[in-house]
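S.K.: First the structure, which I've put down as structure tokens, then a few questions once you've had a look.
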Amino acid sequence: MTDLTALTIAEARDALTAKSVSAFELTDAYLAAIDAANPSLNAYVVVTHDKARLMANASDERIAKGEAGALEGIPLGIKDLFATEGVHTQAASHILDGFLPRYESTVTANLWADGAIMLGKL
């Protein structure tokens, strides 16, 4: 099988539309790659395994119903500057140590509305 993390967004979207890969499989491939590389790269501040898998399952359901958004099933890393409801957001500032937003930023709300999947915070 092709390395799913090597697909472009367009290729991943085509594969999801053709149902040759599920959003859950694509997301799991990215989470495995993050888990393997992040200890040495330290690129992700937080990895949202459970949230990503829940979002992937929801994307698979929307794809099956023919209700896919423009970014449906596409896994993304979110810059830690954007508030993400219930997910630690610090923006590299100690002033925000332990901050768990009770709201979603406009940027991420629009991504979720289009079906994107959050892998974690960069």
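A short reminder: the numbers here are calculations on the coordinates, not readings from a lab. Just so it is clear, the model here is predicted, and its values are computed rather than measured. Cβ sites come from the backbone with ideal geometry, for glycine too, and all protein chains shown count toward neighbours.
S.K.: I'm spelling it out carefully: the read-out is Rg and Dmax of the Cα atoms in Å, the candidates are [x] 13.4, 43; [y] 14.0, 40; [z] 14.5, 46, and one was derived from this structure. Which label?
M.R.: Checking each listed value against the structure points to [z].
S.K.: Can you give the charge dipole size of the chain about its Cα centre, rounded to the nearest 20 debye, using +1 on the beta carbon of Lys and Arg and -1 on the beta carbon of Asp and Glu?
M.R.: I would put it at about 160 debye.
S.K.: Return the whole-Å distance between the Cα centroid of segment 25-62 and the Cα centroid of segment 67-112.
M.R.: About 14 Å separates the Cα centre of segment 25-62 from the one of segment 67-112.
S.K.: May I ask which residue of 2, 63, 47 lies farthest towards the positive end of the charge dipole of the chain, with charges of +1 (Lys, Arg) and -1 (Asp, Glu) on Cβ and the Cα centre as origin?
M.R.: My answer, from the dipole projection, is 47.
S.K.: Work out from phi, with θ = phi - 60° and the Karplus expression 6.51 cos²θ - 1.76 cosθ + 1.60, the ³J(HN,Hα) of each residue of segment 110-115, listed in order in whole Hz, and give x for Gly and Pro.
M.R.: 5, 4, 5, 4, 8, x
S.K.: Using the Karplus curve 6.51 cos²θ - 1.76 cosθ + 1.60 with θ = phi - 60°, work out ³J(HN,Hα) for each residue of segment 12-27 in order, rounded to whole Hz, and write x for Gly and Pro.
M.R.: My calculation for segment 12-27 gives 5, 4, 5, 5, 5, 5, 6, 6, 7, 8, 9, 4, 5, 5, 4, 5 Hz in order.
S.K.: Of 93, 107, 12, which is farthest towards the positive pole of segment 4-121's charge dipole, taken about the Cα centre with +1 and -1 on the beta-carbons of Lys, Arg and Asp, Glu respectively?
M.R.: The residue sitting most towards the positive pole is 93.
S.K.: In nm, to one decimal, how far is the modelled label at residue 2 from the one at residue 50, with both set 7 Å along Cα→Cβ?
M.R.: With each label placed 7 Å out from Cα toward Cβ, I get 3.3 nm.
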